[in-house]
Amino acid sequence: MSETGARQPREDGAEPEAEPAPERPFTDILCAVDGTRGSLAAVEQAAVLAGPHGHLTLLAVTAVTGAGAYRSAAISPPRAEHIMERAVEIAERLEVPCTAAIDPAGPPPRVILERAAEHELLALGAPSASWLGGELLDGVAHAALDSLKGPVLACRTLLAGGLGFAERILVASDGLDGSDRLVELAGELARAHGASVILLHATDKDSPARSHRVEEQARRLEASLDRAGEVRLETGGAAEAIVQAAREAESSLVVMGSRGLSGLRALGSVSRRVVHGAHCSVLLMPPECLRE
């Protein structure tokens, strides 16, 4: 397949018109930055998704409370300024327009989620691989997963020597309502970034496989990409199958749906377990965004 935007010679010798670049699914992205490697990776990966015609809003929440000797902050204002400078440098290096904002309000999860509602996508650092560490330290990421109303990109830094972000996509389809749109989204991302796609359907032994619907999704995906894809049908726990398949395929992005469970129900959430266990970034789409 020819590269996007490449000019092909015409028989009459006239200068051919450049093919229009594929539309990008996400161009208005909120990036929550706190200085961690994951949050800075979120800025870089959001810039890749948005492209030069998109826009990033970079947000640091300091959560300042008290005054005088009793004044405290989740992130000190001077540190927030330094973090924001680094985030802006990343966006500028990738030539993506950005707006920087430091919000003194709090708590950070509430501020970030309220602002995220105004954007197409929230990008932030993925929570700790350790489940206990994540419960104690990654409040913002967990609040986003629990209160998922819009798409969330949970970002991890890329492996050294591996593929670039969104160059090999694993999309996990459960074959249920909304999964058609999820696979279609993966195809849109693949076209925008010249990526390859693996379509995975994982089911445990007590659940009916929906292979016929998944195979039809694969056919439509291949037709839209004009290339052969890969379909994997796995038996076993869905979260473990997704994490293992992503690692074996050296995927740089997992695309999957999320039911947005909260409280004790979230302990068994497939999406939360994948976000904790995956070696790469995970794009989560809530049911509201997958309705046909």
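Odds and ends about this structure:
- Of all residues in segment 271-289, those that are free of Cβ contacts under 8 Å to residues at least 40 places away in the same chain have Cβ atoms under 9 Å from Cβ atoms of residues that are surrounded by fewer than 24 Cβ atoms within 10 Å (Cβ to Cβ) and outside any helix (DSSP H, G or I), 6 or more apart or on another chain, in Arg273/Gly237.
- When segment 149-189 is filtered for residues that are acidic (Asp, Glu) and outside any helix (DSSP H, G or I), the ones remaining, listed by number, are Glu167, Asp174, Asp177.
- Boolean, Glu240 is modelled with pLDDT of 90 or more, more than 23 Å from the chain's Cα centre (by Cα) and not basic (Lys, Arg): no
- Pairs with Cβ under 7 Å, 6+ apart, first in segment 229-257 and among the acidic types (Asp, Glu), second assigned to a helix (DSSP H, G or I): Glu234/Ala241; Glu234/Ala245
- The listed residue being out of contact with any Pro (no Cβ under 7 Å at 6 or more places or on another chain), surrounded by 21 or more Cβ atoms within 10 Å (Cβ to Cβ) and within 29 Å of Cys289 (Cα to Cα), out of Ala105, Ala87: Ala87
- Residue within segment 72-82 that is crowded, with 18+ Cβ neighbours inside 10 Å, assigned to a helix (DSSP H, G or I), at pLDDT 90 or above and assigned by TED's automatic domain parsing to the domain that holds Leu121 present: yes
- When residues in segment 19-35 are screened for being farther than 15 Å from Glu120 by Cβ, surrounded by fewer than 16 Cβ atoms within 10 Å (Cβ to Cβ) and in contact with a strand residue (DSSP E or B) (Cβ under 6 Å, 6 or more places away or on another chain), 0 of them pass.
The values are calculated or read from the model by the stated rules, or taken from the named source; none is laboratory data. Everything quoted here is computed from the prediction, not taken from an experiment. Here the Cβ is made from the backbone with ideal geometry for all residues, glycine too, and neighbour counts use every protein chain on show.
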